[in-house]
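K.L.:
This is the structure I want to talk about, given as structure tokens.
The values are calculated or read from the model by the stated rules, or taken from the named source; none is laboratory data. Keep in mind that this is a model prediction, so the values were computed, not measured. Cβ placement follows ideal geometry from the backbone for every residue including glycine, while neighbour counts extend to all protein chains displayed.
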């Protein structure tokens, strides 16, 4: 099911990525269904004008007017702005509207309280590759979410990539640590490979191109293969070959341990942010 009217509170990078995905899906749709109306509320006039020009969206200066008549309301502002936004729109929210929050760290119970307790809320944790239609989004909602509302949320986020429903809200911290922060880990790995290649004598341009295509190709292969990453690695690691020697060096450097530490630290920080925001909300 597709929404007929979607309101975005905030017009930053993630909102822009989702809007672009909605429009991209609309352009590629086989049916001639009426496209959803998209409304964006953002305090910056230049951003509103740019979004209107690029994606044919309606714009609003204030959040209340933006959500009138919307099937889905996307809260796409920074976590420290969510409470004030909820307080602003709560008086005009309707019980049949679905609220999707892409703000990290703010639990569904807290959001429900801020919004008055009478609307359905979905937490979403997309990541930055959503900007090119290759995002990975974890979704969590109260079990009381209706099938129609579930379909609306999934359809919206699927426009920018993979969608996975998370059974326990506590696991959203792990989703944040993995896919939310994950692109930055991959960028760091790419940065390290590129730097090492330059040290070995390759030009900056060659090192960059080969690094980008190697990572992209490996990801494409892993996604299309029936084998696990471990099996794919073993298949290309010949005994006594160059790859085996390189893998051994990475294992000696405890690459696995480094990633465990990274995800554990990000997971802990996500929990801290959630507690901090919940604490501020109760004051």
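K.L.:
Need at least 3 residues that are at pLDDT below 95 per element, so show me which helices (runs of 4 or more DSSP H) inside the stretch 222-283 make the cut, counting only ones lying wholly within it.
P.N.:
255-282
K.L.:
Exactly one condition in (1) more than 12 Å from residue 126 (Cα to Cα); (2) in contact (Cβ under 8 Å) with a residue 40 or more places away in the chain; (3) out of contact with any strand residue (DSSP E or B) (no Cβ under 8 Å at 6 or more places or on another chain) is false for residue 218; which is it?
P.N.:
(2)
K.L.:
Hey, which of the helices (runs of 4 or more DSSP H) in the stretch 1-105, taking only ones fully inside, have at least 1 residues that are under 18 Å from the mean Cα position of the chain (by Cα) and within 19 Å of residue 122 (Cα to Cα)?
P.N.:
13-28, 79-89
K.L.:
Filter the stretch 145-173 for residues that are surrounded by fewer than 19 Cβ atoms within 10 Å (Cβ to Cβ), over 13 Å from the mean Cα position of the chain (by Cα) and assigned to a helix (DSSP H, G or I) and give the result.
P.N.:
Once the filter is applied, which keeps residues that are surrounded by fewer than 19 Cβ atoms within 10 Å (Cβ to Cβ), over 13 Å from the mean Cα position of the chain (by Cα) and assigned to a helix (DSSP H, G or I), the stretch 145-173 yields 147, 148, 150, 151, 155, 169, 170, 171.
K.L.:
Any chance the stretch 171-189 includes a residue that's within 24 Å of residue 261 (Cβ to Cβ), in contact with a helix residue (DSSP H, G or I) (Cβ under 6 Å, 6 or more places away or on another chain) and free of Cβ contacts under 8 Å to residues at least 40 places away in the same chain?
P.N.:
No, the stretch 171-189 has no match at all.
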